[in-house]
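Trainee: My questions all concern the structure below.
The values are calculated or read from the model by the stated rules, or taken from the named source; none is laboratory data. Please read all numbers here as calculations on a predicted model, not as lab measurements. Glycine gets a Cβ as well: all are built from the backbone with ideal geometry, and neighbour counts include every protein chain shown. The accessibility values were calculated without ligands, DNA or RNA, using every heavy atom of the protein model including side chains. Shrake-Rupley method; radii C 1.70, N 1.55, O 1.52, S 1.80 Å.
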Amino acid sequence: MILKVTIDEKTFPLQVDDEMVQDAQDAFRKMDADMDRGWQMSRIWVDHPDDLQRCQIAADKMLTAIQQEKTATVGLMAAYILNRMPEVQAVDIDTSGDMTLTEVVTG
């Protein structure tokens, strides 16, 4: 699977193996359990993030991982997004500090 990621008008494809998505299920469950307790999404607190918000959170984590050159985390976040919203083709990650402006593009 390929997830197109756009950051500051630069787009690049991330290749995510189906095997990685399956192997990371435990990590995904932990992420969901953390988000089930609510999440600070920029200026607002969200008690129960929906699937879109969870993908925005993962995209924000992906941005941080890209900036810190943590390629394993980048791949994990891409796999999470593709696992939770299989119809996703691309994410346009907001860099202004408001993760709620991150766009998740579906096909």
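Trainee: Scan the stretch 73-106 residue by residue and report those that are among the hydroxyl-bearing types (Ser, Thr, Tyr) and crowded, with 19+ Cβ neighbours inside 10 Å. Steps first, answer last, please.
Mentor: Applying the first criterion (among the hydroxyl-bearing types (Ser, Thr, Tyr)) to the stretch 73-106 yields 73, 80, 95-96, 100, 102, 106.
Scanning the stretch 73-106 gives Tyr80, Thr102.
Trainee: Out of the residues in the stretch 1-22 that are more than 16 Å from Pro86 (Cα to Cα) and among the charged types (D, E, K, R), which is surrounded by the most Cβ atoms within 10 Å (Cβ to Cβ)?
Mentor: Asp8
Trainee: Inside the stretch 43-107, counting only strands (runs of 3 or more DSSP E) that do not spill past its ends, which hold 2 or more residues that are within 10 Å of the chain's Cα centre (by Cα) and touching a residue at least 60 places away in the same chain (Cβ under 8 Å)? Walk me through how you get there before you give the answer.
Mentor: Working: elements: 44-46, 88-93, 103-106.
Passing ranges, in order: 88-93.
Trainee: If I go through the stretch 65-95 residue by residue, how many of them are in contact with a Ser or Thr (Cβ under 9 Å, 6 or more places away or on another chain), within 19 Å of Ile44 (Cβ to Cβ) and not hydrophobic (A, V, I, L, M, F, W, C)?
Mentor: Final tally of qualifying residues: 1.
Trainee: Can you give me the number of residues within the stretch 23-34 that are open to solvent by 30 Å² or more (accessible area, probe 1.4 Å), within 19 Å of Gly75 (Cβ to Cβ) and among the small types (Gly, Ala, Ser)?
Mentor: Final tally of qualifying residues: 1.
Trainee: Mind checking which pairs have a first residue in the stretch 1-18 that is touching a residue at least 24 places away in the same chain (Cβ under 8 Å) and a second that is in a strand (DSSP E or B) and among the charged types (D, E, K, R), Cβ under 6 Å, 6 or more apart or different chains?
Mentor: Hits for this filter: Thr6/Asp92; Thr11/Lys4.
Trainee: Now a separate question. Pick from Ile66, Ile57: which is open to solvent by less than 40 Å² (accessible area, probe 1.4 Å) and more than 16 Å from Val105 (Cβ to Cβ)? Reasoning before the result, please.
Mentor: Numbers: Ile66 fails: open to solvent by less than 40 Å² (accessible area, probe 1.4 Å).
Answer to the check: Ile57.
Trainee: Against the condition modelled with pLDDT under 95 and open to solvent by 90 Å² or more (accessible area, probe 1.4 Å), how does Arg37 come out, does it pass?
Mentor: Values: modelled with pLDDT under 95: no; open to solvent by 90 Å² or more (accessible area, probe 1.4 Å): yes.
Answer is no for this residue.
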